[in-house]
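The values are calculated or read from the model by the stated rules, or taken from the named source; none is laboratory data. Everything numeric in this text was worked out from a predicted model, so none of it was measured. Please note: Cβ atoms are built from the backbone with ideal geometry, for glycine as well, and neighbour counts cover all protein chains shown. Note: areas computed on protein heavy atoms with side chains; ligands, DNA, RNA excluded. Shrake-Rupley method; radii C 1.70, N 1.55, O 1.52, S 1.80 Å.
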Amino acid sequence: MSTGADIKATVGDIPNDGNLNMAQEECSGKGFCSIRHGLAFILQLCNFSICTQQMNLSIAIPAMVNNTAPPSEPNASAEWLSTDSQDYWNETLKQFKAMAPAYDWSPEIQGIILSSLNYGSFLAPIPSGYVAGIFGAKYVVGAGLFISSVLTLFIPLAANAGVALLIVLRIVQGIAQVTVLTGQYSIWVKWAPPLERSQLTTIAGSGSMLGSFVVLLVGGLLSQTIGWPYVFYIFGGIGCACCLLWFPLIYDDPVNHPFISAGEKRYIVCSLAQQDCSPGWSLPIRAMIKSLPLWAILVSYFCEYWLFYTIMAYTPTYISSVLQANLRDSGILSALPFVVGCICIILGGLLADFLLSRKILRLITIRKLFTAIGVLFPSVILVCLPWVRSSHSMTMTFLVLSSAISSFCESGALVNFLDVAPRYTGFLKGLLQVFAHIAGAISPTVAGFFINQDSEFGWRNVFLLSAAVNISGLAFYLIFGRADVQDWAKEQTVTHL
């Protein structure tokens with residue numbers, strides 16, 4: 001078990017240090033106006049952009065294949081004009097939609113196009129995380145965001161050119177997105193004071209939930225009004241605008257930032273003084289393989305993302321099939337759990353750092369407690385979900401509560417890799433992403449098998465299996481999880497492969 005001294009060394013707490021105390025007092029009054037929090041909000045916008053770019057084709061593809069006939073045919077045009085010919089605004093929208101082509105893609109082709117985004121997901125996380133850890137996240141993440149955003153703008157042109165080009169574009173875009181999601185954690189190695197690590201990472205990470213909410217809410221509406229190409233133009237444009245903030249305002253090290261105050265710089269540097277954050281070219285692979293605390297995080301990642309990807313993939317289907325909601329209402333209802341989860345992720349990070357800064361709980365206790373809350377309660381809620389399907393309000397309440405409470409894991413096991421091996425943050429995040437992608441590849445397939453086998457009891461079996469996997473991962477993490485820097489992650493004791 002970790003001792004109190006281990007935890008203190010891990011979090012970089014420097015008691016009785018005049019410089020640290022003075023700097024901490026200067027910075028504590030700034031709150032969310034500090035440079036490090038500004039960096040977190042820029043990263044939140046980046047994650048928002050990447051998430052919308054990941055999901056926009058899934059939202060737009062029903063409109064892209066809605067009609068196999070070309071939009072210029074008289075029947076389609078005459079039918080539209082007879083509906084809204086008296087309204088000038090609707091006439092304008094009609095002109096926009098007339099420029100949006102429709103494609104005769106079979107379900108098999110649609111599946112290949114949608115899944116092509118993940119073809120590079122298994123190969124890219126580890127190299128991108130390693131490179132970001134060595135060379136810094138500013139240019140690695142910035143390049144990934146820029147490439148993904150520009151390619152999003154070209155998706156309508158690629159679709160017109162042919163399926164093959166669209167698939168290639170999506171593969172490259174997926175690799176670029178992985179570099180953003182993986183490489184960004186290297187920034188916090190030198191920017192996040194240990195007492196604020198949870199809140200900074202959760203503020204940044206909440207952008208993904210916010211992006212899911214927005215794209216589910218407005219993506220279908222955009223496709224139905226001004227045409228599906230504008231789904232890509234708008235969200236691709238937002239990503240390009242984010243790049244204009246990223247490159248001039250983001251720096252890998254607070255020491256080099258031109259706008260940071262001397263007090264905040266001193267506070268960050270002093271709080272990380274006892275923590276070796278300098279990355280190494282070599283990796284202690286053998287020691288990592290033998291490390292049970294690292295395996296606890298990996299197993300927890302796999303199990304928690306098993307449930308996450310199941311909910312992500314099948315929430316709209318569950319709402320539309322069980323609650324008999326139409327397409328528009330299904331999109332709105334599916335978005336509700338994500339916006340609540342976005343808020344609760346930030347609140348969970350603030351609470352975790354409050355408990356740590358006030359020395360109410362040790363770091364390892366916080367990580368395990370938040371993980372247990374984020375796993376047990378949602379598992380119980382989802383297991384009970386089939387028994388309340390007759391009540392629409394109770395079903396939505398359960399789905400929202402599950403999303404809200406599961407967000408506590410973001411301040412638990414999902415951020416624990418920053419505690420045990422800050423030197424190898426980029427590489428470990430890439431490795432964790434691989435485990436998450438494996439869960440994402442398996443869980444929706446298994447869920448679809450259960451649902452196809454038995455439409456009535458299939459959902460119950462899906463939720464029971466997800467709860468069992470999640471709780472199994474929790475048990476492993478509670479037994480072997482640690483929060484102190486591991487010996488293999490310390491410079492003086494690293495043994496390389």
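Show me the chymotrypsin sites (Phe, Trp or Tyr not before Pro) within the stretch 165-208 that DSSP assigns to loop and that have at most 10 other Cβ atoms within 10 Å of their Cβ.
Within the stretch 165-208, no chymotrypsin sites (Phe, Trp or Tyr not before Pro) qualify (loop, at most 10 other Cβ atoms within 10 Å).
At a 10 angstrom cut-off on C-beta neighbours, averaged per residue, how do the peptides 197-203, 380-386, 256-262 rank from highest to lowest?
Result, highest mean Cβ count within 10 Å first: 197-203, 380-386, 256-262.
Counting only protein heavy atoms and a 1.4 Å probe, tell me what percentage of the stretch 405-497's accessible area is made up of carbon and sulfur. Kindly include the intermediate steps, with their values, before the conclusion.
On the way: 2150 of 3540 Å².
The computed percentage sits at 61.
Output the relative contact order of the stretch 325-458, whole-number percent, from Cα pairs under 8 angstrom with separation of 6+ residues.
Result for the stretch 325-458 is 29 percent.
Let a ≥ b ≥ c be the square roots of the eigenvalues of the Cα gyration tensor of the stretch 174-310; is it rounded (a/c under 1.5), or, if not, prolate (a/b larger than b/c) or oblate?
In terms of gyration-tensor shape, oblate.
So if each residue of separation counts as 0.36 nm, and I subtract the Cα-Cα distance between H392 and S321, what length gain in nm does that give? Kindly include the intermediate steps, with their values, before the conclusion.
On the way: separation 71, 0.36 × 71 = 25.56 nm, distance 1.19 nm.
Computed gain between H392 and S321 is 24.4 nm.
Can you list which of the trypsin sites (Lys or Arg not before Pro) found in the stretch 339-420 are DSSP loop residues with at most 12 other C-beta atoms within 10 Å?
Those that pass, being in a loop and sparsely packed, are R358, K359.
Quick one: accessible area per residue over the stretch 285-491, 1.4 Å probe, rounded to a whole number of Å²?
Heavy-atom SASA per residue in the stretch 285-491 reads 40 Å².
Could you tell me which of rounded, prolate or oblate describes the stretch 285-491, using a ≥ b ≥ c as the square roots of the eigenvalues of the alpha-carbon gyration tensor, with rounded for a/c under 1.5 and, failing that, prolate when a/b is larger than b/c and oblate otherwise?
Judged from the Cα gyration tensor, the stretch 285-491 comes out prolate (a/c at least 1.5, a/b above b/c).
Could you give each residue of the stretch 357-372 its phi-based ³J(HN,Hα) in whole Hz, using Karplus coefficients 6.51, -1.76, 1.60 with θ = phi - 60°, and x for Gly or Pro?
Ordered by residue, 3J(HN,Hα) equals 5, 7, 6, 6, 9, 6, 4, 5, 5, 5, 4, 6, 5, 5, 5, 4 Hz.
Would you give the gap between the C-alpha center of the stretch 104-162 and the C-alpha center of the stretch 432-454, rounded to a whole Å?
What the calculation gives is 21 Å, centre to centre.
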